[in-house]
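All remarks here apply to the structure that follows.
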Amino acid sequence: MTKIRIATDSTADIPKAIAEELDITVLPLTILAEGREYRDGVDITPEEFYDILEKAETIPVSSQVYSHYYMSLFEESWKMGVTDLVQVTLNAKGSGTYQAAVLSRDLFFEEHPAAAEQLRIHIIDSGTYSMGYGLAVIHAAKLLKQGAELQQILEELQDWLAHARPMFVPLDLKFVKKSGRVSAAAAFVGDALGMKPLITFENGESKVLTKARGENKAISTLVETCLKERKAGTEYALVYGNNPEAYAKLKEAWSEVMDMPPLTEYPVGNVISINTGPNIVAIIYRT
């Protein structure tokens, strides 16, 4: 009898209530900030982290999911009688999390050879960030709840990932410049002219899709881009940071044209905010 389990990591930014409702296992990345180590999504909330991020003398860094979390997940799944574990990871081009999962799987089967015939571990590189893969994982978990077979879950999961579109608008460029998401020269010119980049990810790489001058224009461009690209009737998420006024503008603009409410509204996660900064708005959807 097939028994499927779905897991991901904390950079998927899946709200805790949704993860619990859908039985999605979430493994934490680790964040190093101001000499302290935090388990992402466990030891510190995004709102608490934004304050640290703004005040930190040295920009915090994130580390991949540690191997022992994977080993514990694999062993627990095996003992539970899980036959297929689907693990969706953070973009392999931006983190060692995918590779850590693969190496941990190899080590697990080396230490537990009997498990190789009883547990299949499907490790999937999302190729993206935040709810770009969080929405795909949620979709897969809903399919599982509805009784879908493994093949359908894997196919629809991959289809979601292939069409995921996270669209972030950093409203100041300090952290984007530090992280290298745009060049230092471009960031300087952007600050001087009030330009705001719309950043997405294609083939695992960050890409500035377009730029808009001023906060209001950036938000309206974000909404217009989503309207053009989003597949009608599919779930999406709205994302905010530490700028409630900008987020209120996004919600107002979006409410006038949306065909359905968002699946969730959530604060941009700790790992993502290191690269984008906390002064951000975003829409996560599928094309």
**OP:** Hey, could you check the range 75-94 for residues that are among the aliphatic types (A, V, I, L, M) and not in a loop (DSSP other than H, G, I, E, B) and say which is farthest from the chain's Cα centre (by Cα)?
**Re:** Met80
**OP:** Would you please name the residue that is surrounded by the most Cβ atoms within 10 Å (Cβ to Cβ), looking only at residues in the range 2-35 that are on the phi > 0 side of the Ramachandran plot and modelled with pLDDT under 95?
**Re:** Glu34
Subject >> Selection status of Leu73, within 30 Å of Lys174 (Cβ to Cβ) and surrounded by 15 or more Cβ atoms within 10 Å (Cβ to Cβ) >> reply: no
Original post:
Do we find a residue being surrounded by 19 or more Cβ atoms within 10 Å (Cβ to Cβ), closer than 14 Å to Glu111 by Cβ and modelled with pLDDT of 95 or more anywhere in the range 57-69?
Top reply: no
Subject >> Residue ID - surrounded by the fewest Cβ atoms within 10 Å (Cβ to Cβ), chosen from residues in the range 252-275 that are over 13 Å from the mean Cα position of the chain (by Cα) and hydroxyl-bearing (Ser, Thr, Tyr) >> reply: Ser255
**OP:** Name every residue in the range 43-56 that is of a type in the set (Val, Ile, Thr) and surrounded by 13 or more Cβ atoms within 10 Å (Cβ to Cβ), in order of residue number.
**Re:** Ile44, Ile52
**OP:** Output the residue which, of all residues in the range 134-153 that are of a type in the set (D, E, K, R) and within 23 Å of the chain's Cα centre (by Cα), is surrounded by the most Cβ atoms within 10 Å (Cβ to Cβ).
**Re:** Lys142
**OP:** Quick one: in the range 95-119, of everything that is polar (S, T, N, Q), modelled with pLDDT of 95 or more and closer than 25 Å to Ser62 by Cα, which residue is farthest from the chain's Cα centre (by Cα)?
**Re:** Ser104
Original post:
Got a number for residues in the range 1-20 being in a helix (DSSP H, G or I) and out of contact with any helix residue (DSSP H, G or I) (no Cβ under 9 Å at 6 or more places or on another chain)?
Top reply: 3
**OP:** Specify the residue that is surrounded by the most Cβ atoms within 10 Å (Cβ to Cβ); the eligible residues are those in the range 154-184 that are of a type in the set (Gly, Ala, Ser) and modelled with pLDDT of 95 or more.
**Re:** Ala164
**OP:** Kindly list the number of the only condition in (1) surrounded by 16 or more Cβ atoms within 10 Å (Cβ to Cβ); (2) farther than 29 Å from Tyr285 by Cβ that fails for Met131.
**Re:** (2)
**OP:** Please go through the range 21-56 and pick out each residue that is part of a strand (DSSP E or B) and farther than 21 Å from Leu90 by Cβ.
**Re:** Arg36
**OP:** Quickly run through the range 63-94 and pick out the residues that are over 20 Å from Leu144 (Cβ atoms) and of a type in the set (Phe, Trp, Tyr).
**Re:** Tyr66, Tyr69, Tyr70
Original post:
Within the range 95-124, can you find the residues that are farther than 19 Å from Leu144 by Cα and not in a helix (DSSP H, G or I)?
Top reply: Ser95, Gly96, His112, Gln118
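The values are calculated or read from the model by the stated rules, or taken from the named source; none is laboratory data. In this text, all values refer to a predicted model and were calculated from it rather than measured experimentally. Virtual Cβ from ideal backbone geometry, glycine too; neighbours counted across all protein chains shown.
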